[in-house]
């Protein structure tokens, strides 16, 4: 390779293997990412579940309050991911995203937005923790993700990616003995297909 008339040596294969690709939130399963983010947010203690959250419904379309004990952290992680991928985004758009159909009895169902209080308080907590910030200068007003928030989401994605890579590696290296021959699982499936 030549850059401005100066020859630049190609990186060795060893060096290329050492350089890791930065894993982003888009590279992993989103439901697993939200669960991992919820665990991280709960451990950090930056997000606190209010006392009233045990009794409140998340919208007028719901019959009961959420049954999961950590639903507040799950919702906070989900909102953080939404701000990461769709920001700037405000309370009204998030209410629409978390809304669903309301059972109207014998009448047809209608779409109803989710309640705004839970979303607003979570956004305020995430903002106080430094993961999101208000954006008022652009065409779209709302919350945007900060560098600290981006780092947190990508860190969680990296942890999930490492976990998946370890599982795949252990599955490939698993040896299966059959008729005195040692075969890896890939070789076995190739033998079965033939």
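Look at the Cα gyration tensor of the stretch 21-158: its axes a ≥ b ≥ c give a/c of at least 1.5 with a/b over b/c, and that counts as prolate. The alpha carbon centroids of the stretch 130-146 and the stretch 37-105 are separated by 19 Å. Note on residue 48 and residue 111: their simple-model spin labels are 3.7 nm apart, each label 7 Å out from Cα toward Cβ. In this label model, residue 151 and residue 134 are separated by 2.4 nm, measuring between points 7 Å along each Cα→Cβ vector. Most tightly packed first, judged by the mean number of other beta-carbon atoms within 10 Å of their residues, the peptides 94-102, 118-126, 21-29 read 118-126, 94-102, 21-29.
Bear in mind that the values in this text are calculations on the coordinates, not laboratory data. Being a predicted model, the structure only gives us computed values, none of them experimental. Cβ coordinates were reconstructed from backbone atoms using ideal geometry, including for glycine residues, and neighbour counts include every protein chain displayed.
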